[in-house]
Structure formats: structure tokens, C-alpha cells
Amino acid sequence: MSGDLPDYELYAIRYATRAASRSDHFIGGDPHDGPMPMDYFMWAAVGPAQSFVIDAGFTAEVAARRKREFLRCPVEALKLIGLDGDIVSDVILTHLHYDHVGNFAKFPRAKFHLQEPELHFAVGRYMRYQRLQHSFEVEDVVGIVRLNYARRVMFYNGPAELAPGITLHPAPGHSAGLQFVRVHTRRGWVVLASDVTHFYENMDSERPFTTAFHIGGMLEGFDLLRASAPSPAHIVPGHDPLVMQRYPAPRPELQGIIVRLDVPPNA
Ligand SMILES: [Zn+2]
């Protein structure tokens, strides 16, 4: 505990990966092109009184169709840190892109926490364009609409405190209603950037990722991350394989699968 905020244990679960090139990841390409793989993560904040899952990954079916290398079901992997999708009560959705929402049905009791503009975006006028709809699975979007009709989606229009030690921060740009999450841990506030910065390098070099709705918003998102974190070492990018190298596994047998983000990184 610091002050009266609880300390959450914070985990990143790596559930998929894909081979890619540096030029895939920066608007404007990259003058030194070469391999730059991308990892896919789900996150979990385990607190003394309550736990939160952050995002919901994609399914094996979608992985096969989109030619991603599926390593494990992220919801199954929650069991490795003592959580059970069947009884998880709260899932924060940073946005509705296919790789962040696809397993929503595997949380039958959860409420889903989302910035309202993201759902408007996902059902709105721009989805007629392949360039923007490509990042969504229409069945996921319809599924979230159904959950809303079942009163299981909680909407926010701006920053929000979900619980002591868990705060939500809109940072639209990559998607119109993207948010990042701050989690209070024993090393202070850790900022889960999700797709506000896919890689450390997007933020550090101020070159946004290629999937973009509003490039100005993406650049301002980097500033918001820095302003919300005690230090750059407290910011965790959404898709960077370096996260698995910089943070330790909770147990040796989970190497390459899960790391702890509530301890300082080694670089
Ligand atoms: Zn995304």
C-alpha cells in the first residue's frame, strides 16, 4: 500500500505473435528496414479485493484467418495466475480492434468498460472503408452491441477512476475511442499503453504506428503517456516483444508466456 491505494499485481500474457518488418510499424516506413516481430498481449491486474482483466485478445479461428501465430488462448492462460474467465467481474476494453476484444464471450459474468466514442466509431460511417474496418471483426462489434443491450457495457466519456488504483484515460488516434489504463502497483503507477504506443520505439522516436485514424491524436497520445507515468520505465507498450525480455516471469516455467509488470524492468 502507498497512501490509501491498493497495490495490484500486474501481468502481461503473451498469446500470439507474428513476423513483420520495421517498415510495417512506422508511418513513412523506415530507412533501415529489417525484421521486427510483433507480439499480442492481454493484461491482468490482481488486487487484494478485486481483479481486472485488460482486453480480451483474439480467438484461434481469427488467428488462422488473419495468419497470426496463435500461441495459447489468453483466457485459458489467466488460470496460470489464478484467475478464471468464468468468474472475472470486470474487463477493461482499451478499444474494439480484433486483437483486443475477440474473446469477450469467454467472460460470461463480466462487465466491460469502454470509452463511448469507440463503439460509435465501430458502428459508424467510416466502417464502410476497408482501410479502417480491417482492424475490426464485425462479429465482435455486433457482440458488444448485444452486451450493451444486456446492460453489461459501462461507457465513459473521458478519464475515469474505475476503482482505487485503476484509472482509465482516453487517448484517441490509433482508434477513435482508444483508452489506456493506469494501475497502482508496489512500484507506483504503471501505465498500460495498449495501442497508444505499439512499440517503445513508436513513442521514443515520435513516429506513429501505421494503423491510424488521427495522426495528431496519436502524437498527443505519446505525450499523455509520459505525463501519466512516474518515469518512462513505467510505460508498457501494447505489442512490443521487448516487454517479455525486460520483465521477469512470475515462475520459471512461465518464461515466454507471462511476465510481471509490477516489478521494475531490467533495462
Ligand atoms: Zn489496435
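Restricting attention to segment 66-78, and to residues there that are part of a loop (DSSP other than H, G, I, E, B) and among the hydrophobic types (A, V, I, L, M, F, W, C), which single residue is most open to solvent (accessible area, probe 1.4 Å)?
LEU71
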Scan segment 99-125 for residues that are of a type outside the set (A, V, I, L, M, F, W, C), touching a residue at least 12 places away in the same chain (Cβ under 8 Å) and closer than 14 Å to GLY177 by Cα and jot them down.
HIS100, HIS113, GLN115, GLU116, PRO117, GLU118, HIS120
Every residue in segment 3-50 that is part of a strand (DSSP E or B), under 23 Å from ALA64 (Cβ atoms), in contact with a Lys or Arg (Cβ under 8 Å, 6 or more places away or on another chain) and of a type outside the set (Val, Ile, Thr), please.
TYR15, ALA16, ARG18, PRO35, MET38, ASP39, TYR40, PHE41
Close pairs (9 angstrom Cβ cut-off, 6 or more residues apart or separate chains): of a type in the set (S, T, N, Q) in segment 73-90, open to solvent by less than 20 Å² (accessible area, probe 1.4 Å) and not in a loop (DSSP other than H, G, I, E, B) anywhere:
SER89/PHE52
Among the residues of segment 234-267, the number that are open to solvent by 30 Å² or more (accessible area, probe 1.4 Å), out of contact with any Lys or Arg (no Cβ under 9 Å at 6 or more places or on another chain) and without any contact (Cβ under 8 Å) to a residue 60 or more places away in the chain is 7
Do any residues in segment 165-190 that are free of Cβ contacts under 8 Å to residues at least 24 places away in the same chain have Cβ atoms under 8 Å from those of residues that are in a strand (DSSP E or B) and open to solvent by less than 10 Å² (accessible area, probe 1.4 Å), where the two are at least six apart or on different chains, and which pairs are they?
THR167/VAL181
When every residue in segment 162-184 that is more than 16 Å from the ligand (Cβ to nearest atom), surrounded by 23 or more Cβ atoms within 10 Å (Cβ to Cβ) and β-branched (Val, Ile, Thr) is compared, the one nearest to ARG226 (Cα to Cα) is VAL183
Does any residue of segment 31-43 turn out to be farther than 29 Å from VAL145 by Cβ and either touching an Asp or Glu at 6+ places or on another chain (Cβ under 8 Å) or within 16 Å of the ligand (Cβ to nearest atom) (or both)?
yes
Going through (1) without any contact (Cβ under 8 Å) to a residue 60 or more places away in the chain; (2) within 26 Å of GLN133 (Cα to Cα); (3) outside any strand (DSSP E or B) one by one, PHE213 fails only at (1)
What number of residues within segment 79-106 are away from the ligand (no atom under 16 Å from the Cβ) and either of a type in the set (Ser, Thr, Tyr) or in a loop (DSSP other than H, G, I, E, B) (or both)?
8
Close pairs from segment 32-48: first under 18 Å from ALA193 (Cβ atoms), partner open to solvent by 20 Å² or more (accessible area, probe 1.4 Å) and among the charged types (D, E, K, R), Cβ under 6 Å, at least 6 apart
MET36/ARG22; MET38/ARG18; ASP39/ARG14; PHE41/ARG14
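The values are calculated or read from the model by the stated rules, or taken from the named source; none is laboratory data. If you're wondering where the values come from, they're calculated on a predicted model, not measured in any experiment. Note: ideal-geometry Cβ built from the backbone for every residue, glycine included; neighbour counts use all protein chains shown. Side chains are part of the model used for accessible areas, which takes the heavy atoms of the whole protein and leaves out ligands, DNA and RNA. Shrake-Rupley method; radii C 1.70, N 1.55, O 1.52, S 1.80 Å.
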